[in-house]
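The values are calculated or read from the model by the stated rules, or taken from the named source; none is laboratory data. All of these numbers come straight from a predicted model, not from anything done at the bench. Note that each Cβ is placed from the backbone with ideal geometry, even for glycine, and that neighbours are counted across all protein chains shown.
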Amino acid sequence: MGQFLVETYSAPGSHLSGNQQNHLRQFLGRTDLRFESGAEGYQVLRRGKPAKRLSEGEKTAIAFLYFLVQLKDQDFDLSEGVVVIDDPISSLDASAIYQAFSFLKNETQDAKQLFILTHNFEFLRLLLNWVKSARGSTKSYSMVLCTEGASGRTARLAQLDRLLIEHATEYHYLFKVLHTFRSDGTIMGCYHVPNIARKVLETFLDFHVPSNRSLYQKLDETAFDPHKKTAIYKFANDLSHHTGKTFDPALVAETQKNVTYLLEMIEAVAPLHFTGLKLLSEA
């Protein structure tokens, strides 16, 4: 499912009913956008005027709803069809995730085969809970694992890690990624690690130091080797992707060391917590 990048769409043979207009209002949570049919298709209006510079979230919502409308096209038999939906919540606000899930569930549940891809863990939880409760259907959960080798970047399908299926947050799985991480000395092999380290660090400190203090202040209050704490903070904070900084190739050699420091800190501060996560990771 692709995003629409312009404000006027050609949709021969498709008509957006008043009910579908209501769907758009419900999805976005506001009434300023609507569709107007024309000889060459339909136009998106904002407060009665042609919409300009739609946000990425608005484009995603329009594309997703249009896709669902097309599923009911008379030339497509949903009960015998295969439906593939790729990351329908991309660029949507967090508040729209539940709306997207609701529309997806109600409009696609009668498909013969349904494939849904997502990068978002919250959305994944909604999908897992829905699929688990579905009766009389075959279920399969997979994840894409990417690796970089001498021949280039490759990807393969693997069974979705059970920690992502069995637990309400991704914390257990992310701990496992760090616990099992072994640096191969390449930027590609280490690039994802600072982001994961930051998520694990934030989640752990949220419980260990339950306050509204900054990440730095929470870490500073934690009883552990001050030099290692400084290294953990610089690694997880400065190199995580949200900072917009590039990954310094010189830090590849430091990745394994800083992951080890973080795990050592969790073990020293909360040994029972660490042991439980370690057992889950190695099971």
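Before moving on, here are some points about what is shown:
- Any hit, region 71-83, residues being assigned to a helix (DSSP H, G or I), at pLDDT below 90 and of a type in the set (Phe, Trp, Tyr): no
- The requirement of being at pLDDT 90 or above and closer than 21 Å to Val209 by Cα is satisfied by Thr230.
- Candidates Val259, Val200, Val193, filtered to the one that is modelled with pLDDT under 95, under 22 Å from Leu164 (Cα atoms) and under 26 Å from the mean Cα position of the chain (by Cα): Val193
- Just one residue in the set Leu92, Leu65, Leu114 is within 25 Å of Gly136 (Cβ to Cβ), out of contact with any Cys (no Cβ under 6 Å at 6 or more places or on another chain) and among the aliphatic types (A, V, I, L, M); that residue is Leu114.
- Where strands (runs of 3 or more DSSP E) fall wholly inside region 108-223, the ranges with 1 or more residues that are outside the structural domain of Val84 (by TED's automatic domain parsing) and surrounded by 13 or more Cβ atoms within 10 Å (Cβ to Cβ) are 142-149.
- Qualifying residue in region 248-258 (condition: over 14 Å from Phe175 (Cβ atoms), surrounded by fewer than 19 Cβ atoms within 10 Å (Cβ to Cβ) and without any contact (Cβ under 8 Å) to a residue 12 or more places away in the chain): yes
- Near pairs, Cβ below 7 angstrom, 6+ apart or cross-chain, from region 92-111 (farther than 13 Å from Ala61 by Cα) to any residue that is among the hydroxyl-bearing types (Ser, Thr, Tyr): Asp110/Ser79
- Count - residues of region 56-76 that are of a type in the set (S, T, N, Q) and touching a residue at least 12 places away in the same chain (Cβ under 8 Å): 2
- Among all residues of region 12-29, there is at least one that is modelled with pLDDT of 60 or more and either acidic (Asp, Glu) or in a loop (DSSP other than H, G, I, E, B) (or both).
- Ala197 at negative phi and in contact with a helix residue (DSSP H, G or I) (Cβ under 7 Å, 6 or more places away or on another chain): yes
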